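Down below is the structure, laid out as structure tokens.
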Amino acid sequence: MTRQLVLGIDEAGRGPGIGPMVLAAVALDDVSEALLAQAGVRDSKVFGSGTAGRQARARLAALIREHAPFTSIEICDVSDVDAYVARSALNQLERERASLLIRRAPSCSRIIADGRTLFSPLAAEFAHIEAVDRAEAAHTAVAAASICAKALRDDLFEAIALRYRPEFGALRGGGYVNPATLAFVAEYVRRHGRLPPEARKSWPWRGVPGLADDNSPTTALPAP
């Protein structure tokens, strides 16, 4: 008998100023949905941003990959994000990557994506898509996608943080434009005269000393 699959789609890393954005798709049948729900799969945000939360997401992401009939990931690098934001088309980037995920997936009886305004336009291509706000709170497949996306985003940001640790110490703030991230960016600009390569040039870094409003250096520093 053919299994009825539900495909969930969600993203992580839309808001941070440092690092990539990640979209994930997870297809579940009744058996895997029940197993993962019992294991504690739910909206990735409820686990928090601390070490314990990252570890819980990593453990659940491994469990999802083991038991879900289908999982897939799309990584939007900083250059991709910047190129689309430059023409006010970040939503378009997410829709294009979600479309790739859907086309890659097996046939599913339902497709549920987190974000009514964001993903509703995909109905022109996928008539049975359900674009729902807070879908990760109501649908295990979307919660599983949110965990897979966030767990990978955690790993990618940790790799960035490790690269900078010898020179700048612990990189706190998760890459979001908050005081900890702004302090790191300001110190990087002071030392190197430019934004870190992992920083989104299209994000507002106003107020960082040494940067003009367009995020270009106000003064050219000599080469080391």
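The values are calculated or read from the model by the stated rules, or taken from the named source; none is laboratory data. The shown structure was predicted, so the numbers you read here are calculated from the model rather than taken from an experiment. Glycine gets a Cβ as well: all are built from the backbone with ideal geometry, and neighbour counts include every protein chain shown. Note: accessible area is taken over every heavy atom of the protein model, side chains too, but ligands, DNA and RNA are not part of it. Shrake-Rupley method; radii C 1.70, N 1.55, O 1.52, S 1.80 Å.
Which of [x] 0.98; [y] 1.03; [z] 0.94 is the computed Rg/Rh (Cα atoms, Kirkwood Rh) for the structure on display?
[y]
Can you list residues from other chains, or at least 5 along the same chain, whose modelled amide H is less than 5 Å from the amide H of Leu211?
Counting only residues 5 or more places away or on other chains, the set is Thr218.
Report, to two decimal places, the Cα Rg of the range 112-187 normalised by 2.2 N^0.38 Å (N = number of residues). Intermediate values should be presented prior to the final figure.
On the way: Rg = 17.4 Å, N = 76, 2.2 N^0.38 = 11.4 Å.
Dividing the Cα Rg of the range 112-187 by 2.2 N^0.38 Å gives 1.53.
Tell me, what % of the accessible area of the chain is carbon and sulfur with a 1.4 angstrom probe? Kindly include the intermediate steps, with their values, before the conclusion.
Details: 5880 of 11000 Å².
Summing carbon and sulfur atoms, their accessible area is 53 percent of the total for the chain.
Counting pairs of alpha carbon atoms under 8 Å apart in space and at least six apart in sequence, what relative contact order in percent does the range 94-224 give?
Details: 119 pairs, mean separation 15.3, N = 131.
This gives 12 percent for the range 94-224.
Using only the Cα atoms of the range 99-141, build the gyration tensor, take square roots of its eigenvalues as a ≥ b ≥ c, and label the shape rounded, prolate or oblate: rounded if a/c is under 1.5, else prolate if a/b is larger than b/c, else oblate. Can you show the working numbers first?
Details: a/c = 1.96, a/b = 1.23, b/c = 1.60.
It comes out oblate by the Cα gyration axes.
Under 8 Å for C-alpha pairs, at least 6 residues apart: give me the relative contact order for the chain, rounded to a whole percent. Don't jump to the answer; show the numbers that get you there.
Numbers: 385 pairs, mean separation 61.8, N = 224.
Relative CO of the chain lands at 28 percent.
As a test of the formula, what do you get for the chain when each DSSP H run with n ≥ 4 contributes -39,500 (n - 2.57) and the sum is divided by the residue count, at 222 nm and rounded to the nearest 500 deg cm²/dmol? Intermediate results must be reported in sequence, preceding the final value.
On the way: 7 runs with 97 residues, N = 224.
Result for the chain, helices only: -14000 deg cm²/dmol.
Using a 1.4 Å probe, what is the accessible area per residue for the chain, in Å²? List each step's numbers first, then the result.
Numbers: 11000 Å² over 224 residues.
Per residue, the chain has an accessible area of 49 Å².
Would you mind finding the longest exposed-site-free stretch of the chain, with exposed trypsin sites (Lys or Arg not before Pro) meaning DSSP loop and at most 15 other Cβ atoms within 10 Å?
On the way: sites that count: Arg3, Arg87, Arg134, Arg172, Arg206.
Looking at the chain, 4-86 is the longest stretch - no exposed trypsin sites (Lys or Arg not before Pro) with at most 15 other Cβ atoms within 10 Å.
Relative contact order for the range 135-202: what percent, with Cα pairs under 8 Å and sequence separation of 6 or more?
Details: 35 pairs, mean separation 9.5, N = 68.
It rounds to 14 percent for the range 135-202.
Let me make sure I get this right: for the range 29-106, a, b and c are the square roots of the gyration tensor eigenvalues over alpha carbons, sorted descending. Under 1.5 in a/c it's rounded, otherwise prolate if a/b > b/c, else oblate. Which is it?
Numbers: a/c = 2.92, a/b = 1.53, b/c = 1.91.
Oblate is the answer for the range 29-106, as a/c is 1.5 or above yet b/c matches or exceeds a/b.
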